[in-house]
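In what follows, a single structure is set out as C-alpha cells and then discussed.
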Ligand SMILES: [Zn+2]
C-alpha cells in the first residue's frame, strides 16, 4: 500500500471532494419571522437535512471506501520516491493481527539490511528483495520491457508524514485516508520488501490504475512470481485495500513470507 501521494501528484480517488457541501443546506430554517411557523419549519428542515446528510454520507462512502471485500478500488495511494533511509531497528519478524483501518502492522527494516535498487541509490529494498528485483528488471529488459522502481523502502516516519499531512491537506478523515494510504506502522513499504513499479515507456500511468494496461504490468503478471514477487493488493483483496496494480512485494524467502503471511489470518477488513 502504499501509499500516499507524491505531494502534488494527482490521486485518482475522489475522496476529497464532498466535504463542504453541507453548509449550504443549513440556511433555510433559520430566523422564521412568525413564531407559530417555527416548529413546522424545523421539522421540515430536519427531514430535509437528514435526507441530505444521508445522501452525502452515502456518496462519501462510495467515493472513498473500498467496497467491503468485494471490489476493486481506484488507486489507494501513490508513493513518493523513498529517499532517506533512516530507520529504527526492530527485529524483522514481528507479526501479529494488529490492524488499523484494515492495514496490518509490520516491523521496519533495519537500515543495515537495505540495498539500492535505483541507479541513483535513493530507492532501497531489503537485500534479498533488491537482488531479485534487479534480476527481474534485467529479465524484463531483455524482453523489451522497462521496469522502473518508483518507491521502495519508506520509513515509518515518512509514512506518518504521508498519512497525516497529506490527509489534512486533503481534508480526509483517517478512515478516508486509510482507503488510500496505510497508517504509519502499517505500510508494507517500511518492511523493505515492497516496491512501486512503473513502466518506463508510459510514465503517465505511474501509480495509476491504468498501470494495469502497460506492458510492464503484463510482464509482471506473467513473470514476477519467478522472482519471488507478488501483487499485494489485487482486486477484491481480503484486506479491503484499494487496487494497486503497481505495488508488489517480495515473498521469496522465509523472512518475507512470514512477514506477510503469518499475519494473514485476519478477517476481511471493514473500512467504513
Ligand atoms: Zn506502494
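Each reported figure results from applying straightforward, stated rules to the coordinates on display, with no laboratory input. Please read all numbers here as calculations on a predicted model, not as lab measurements. Cβ sites come from the backbone with ideal geometry, for glycine too, and all protein chains shown count toward neighbours.
Quick notes on this structure:
- Relative contact order (%) - region 103-264, alpha-carbon pairs under 8 angstrom, separation at least six: 24
- Gyration tensor over alpha-carbon atoms, region 130-272, equivalent ellipsoid semi-axes in Å: 25, 18, 14
- Global geometry of region 178-258, whether rounded, prolate or oblate, following the gyration tensor of its Cα atoms and the 1.5 cut on a/c: oblate
- Protection proxy ranking of 200-208, 183-191 - average other beta-carbon atoms within 10 Å, highest first: 183-191, 200-208
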